[in-house]
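A short write-up of the structure that comes next.
The values are calculated or read from the model by the stated rules, or taken from the named source; none is laboratory data. All figures in this text were calculated on a predicted structure; none of them were measured in a lab. All Cβ positions, glycine included, derive from the backbone under ideal geometry; neighbour counts span all protein chains shown. Please note that ligands, DNA and RNA were not included when accessible areas were found on the heavy atoms of the full protein model with its side chains. Shrake-Rupley method; radii C 1.70, N 1.55, O 1.52, S 1.80 Å.
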Amino acid sequence: MLIKRAPRFKASEITDHRLYLNRREFMLGAAALALLPTATQAAQASAAGQPLAAKRNPDYVIGDKPTDFKSATTYNNFYEFGTDKEDPARLGHMLKPRPWTVQVDGLVHKPKRFDIEEILRFPLEERVYSLRCVEAWSMVIPWIGFPLSALLKQVEPTGKARYVEFTTLKDPEQFPAQKPSLAAFGGVEWPYVEGLRLDEAMHPLALVTVGMYGQVLPNQNGAPIRIVVPWKYGFKSAKSLVRIRLTEEQPKTAWEKSAPQEYGFYSNVNPAVDHPRWSQATERRIGEFMRRKTPMFNGYAEQVGSLYAGMDLKKNY
Ligand code: MTE
């Protein structure tokens with residue numbers, strides 16, 4: 001996805017930054033030891049790895065074998081931690097997923113700030129979806145969450161609401177790549193913003209996600225709350241959300257701002273529409289040797305095709 005392939009920063013500057021982070025983490029660790037936090041406080045700071053119970057919903061399980069947990073948690077795109085696939089796993093511990101709230105507002109009758117503990121009380125279910133990245137690789141992940149429609153119904157969208165905007169946390173203390181000195185490195189303007197049409201957001205496949213593989217969502221996968229929209233390229237599935245806003249105007253997404261000719265608002269998985277720099281006809285399933293053909297809407301054409309009836313999907317890429 002990398003847009004600015006010629007970074008403004010020399011490799012040596014970035015190495016320095018990483019050394020700085022290590023030093024900073026060491027100092028923070030020393031300070032934390034001095035304060036001797038209780039076990040409960042420590043557990044609250046990061047719940048990743050703790051078991052999270054959810055019954056599998058057989059209506060939303062694809063037959064393909066899930067990707068192994070290690071690959072799903074060490075090969076990630078989360079530019080707030082850096083542009084290398086290993087950066088999110090390496091630096092993910094800097095993100096503190098507790099306490100956490102998500103503001104749901106905009107064109108709604110009942111705007112509300114949800115505490116993450118309240119979010120976790122929605123009836124959770126497990127669904128096995130494949131996630132197809134725009135970079136032409138894919139994974140199969142057993143996600144835990146609940147339909148986004150259930151959350152939106154609680155705030156009662158007004159008749160004017162036509163779109164839903166998702167915003168990721170902006171905090172350079174927790175997301176090192178948001179530091180002003182590195183801010184332009186990945187080509188993304190922070191905070192990371194994504195969006196859906198309201199009818200897409202209300203589709204039963206669109207999932208508010210809080211866990212995976214029977215566990216609380218690891219930081220590198222978007223803790224404590226993200227969305228997963230399986231018929232769209234992975235970048236639509238924004239991580240670590242702090243705000244969900246209902247709007248009349250189509251939201252300006254982070255990738256549209258940085259490269260509108262490459263990343264459109266819709267970004268439906270479509271093997272017939274190539275990315276300007278590579279083909280989208282096939283994909284590499286992580287863990288497999290042979291490439292696979294990419295199906296229309298990532299295999300969910302039957303469920304979501306009607307959302308786009310009559311639309312030119314080459315223009316609305
Ligand atoms: N959300 C935020 N906030 N920042 C990101 O860089 N990357 C996106 C998406 N959500 C991204 C994000 C992309 S490109 C992909 S493919 C998926 O997250 C990857 O999700 P995963 O690491 O859980 O597989």
*asked:* Can you find, within the stretch 262-317, the residue that is nearest to TRP137 (Cα to Cα) among those that are surrounded by fewer than 17 Cβ atoms within 10 Å (Cβ to Cβ) and polar (S, T, N, Q)?
replied: THR282
*Selected residue [touching a helix residue (DSSP H, G or I) at 6+ places or on another chain (Cβ under 7 Å), more than 12 Å from the ligand (Cβ to nearest atom) and outside any strand (DSSP E or B)] from GLU200, GLU288, GLU249*: GLU200
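Per-residue answers, yes or no, for (1) open to solvent by less than 10 Å² (accessible area, probe 1.4 Å); (2) assigned to a helix (DSSP H, G or I); (3) within 16 Å of the ligand (Cβ to nearest atom):
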residue: LYS110; (1), (2), (3): no, no, no
residue: GLU117; (1), (2), (3): no, yes, no
residue: PRO123; (1), (2), (3): no, no, no
residue: VAL128; (1), (2), (3): yes, no, yes
residue: LEU151; (1), (2), (3): yes, yes, no
*Inter-residue pairs, beta-carbon under 8 Å, first free of Cβ contacts under 8 Å to residues at least 24 places away in the same chain and in the stretch 243-268, second part of a loop (DSSP other than H, G, I, E, B) and surrounded by fewer than 17 Cβ atoms within 10 Å (Cβ to Cβ), 6+ apart*: GLN261/PRO276
*Can we say THR168 is within 30 Å of ARG277 (Cα to Cα), in contact with a Leu (Cβ under 9 Å, 6 or more places away or on another chain) and in contact (Cβ under 8 Å) with a residue 60 or more places away in the chain?*
yes
*From (1) within 16 Å of the chain's Cα centre (by Cα); (2) of a type outside the set (Lys, Arg); (3) open to solvent by 10 Å² or more (accessible area, probe 1.4 Å), pick out the condition that doesn't hold for ALA238.*
(3)
*Under 9 Å by Cβ, and 6 or more places apart or on different chains, what pairs join a residue from the stretch 77-106 that is within 20 Å of LEU131 (Cβ to Cβ) with one that is assigned to a strand (DSSP E or B) and within 10 Å of the ligand (Cβ to nearest atom)?*
GLU80/THR168
*Since PHE146 meets every condition but one in (1) more than 16 Å from the ligand (Cβ to nearest atom); (2) open to solvent by less than 10 Å² (accessible area, probe 1.4 Å); (3) touching a Lys or Arg at 6+ places or on another chain (Cβ under 8 Å), which condition does it not meet?*
(3)
*asked:* Tell me the residue from GLU135, GLU80 that is surrounded by 15 or more Cβ atoms within 10 Å (Cβ to Cβ) and part of a loop (DSSP other than H, G, I, E, B), please.
replied: GLU135
*Total residues in the stretch 252-269, condition assigned to a helix (DSSP H, G or I), in contact with a helix residue (DSSP H, G or I) (Cβ under 8 Å, 6 or more places away or on another chain) and over 15 Å from THR167 (Cα atoms)*: 0
*Looking only at the stretch 72-90, which residues are touching a Gly at 6+ places or on another chain (Cβ under 6 Å) and more than 8 Å from the ligand (Cβ to nearest atom)?*
THR83
_Verdict on ALA206 being small (Gly, Ala, Ser), within 16 Å of the ligand (Cβ to nearest atom) and under 28 Å from VAL128 (Cβ atoms)_ = yes
*Is it the case that the stretch 28-40 has a residue that's polar (S, T, N, Q), at pLDDT 95 or above and assigned to a loop (DSSP other than H, G, I, E, B)?*
no
*Given the conditions (1) within 24 Å of ASN298 (Cβ to Cβ); (2) away from the ligand (no atom under 13 Å from the Cβ), which single one is not true for GLY159?*
(1)
*Among the residues of the stretch 230-246, how many are near the ligand (Cβ under 10 Å from one of its atoms) and either of a type outside the set (D, E, K, R) or part of a helix (DSSP H, G or I) (or both)?*
8
*Hey, can you tell me all the residues within the stretch 167-189 that are over 15 Å from GLY92 (Cα atoms), under 16 Å from the mean Cα position of the chain (by Cα) and open to solvent by 30 Å² or more (accessible area, probe 1.4 Å)?*
GLU189
*Could you pull out the residue among MET212, MET202 that is surrounded by fewer than 21 Cβ atoms within 10 Å (Cβ to Cβ) and of a type in the set (A, V, I, L, M, F, W, C)?*
MET202
*Could you please find all residues in the stretch 249-291 being of a type in the set (Asp, Glu) and more than 21 Å from TYR79 (Cβ to Cβ)?*
GLU249, ASP274, GLU288
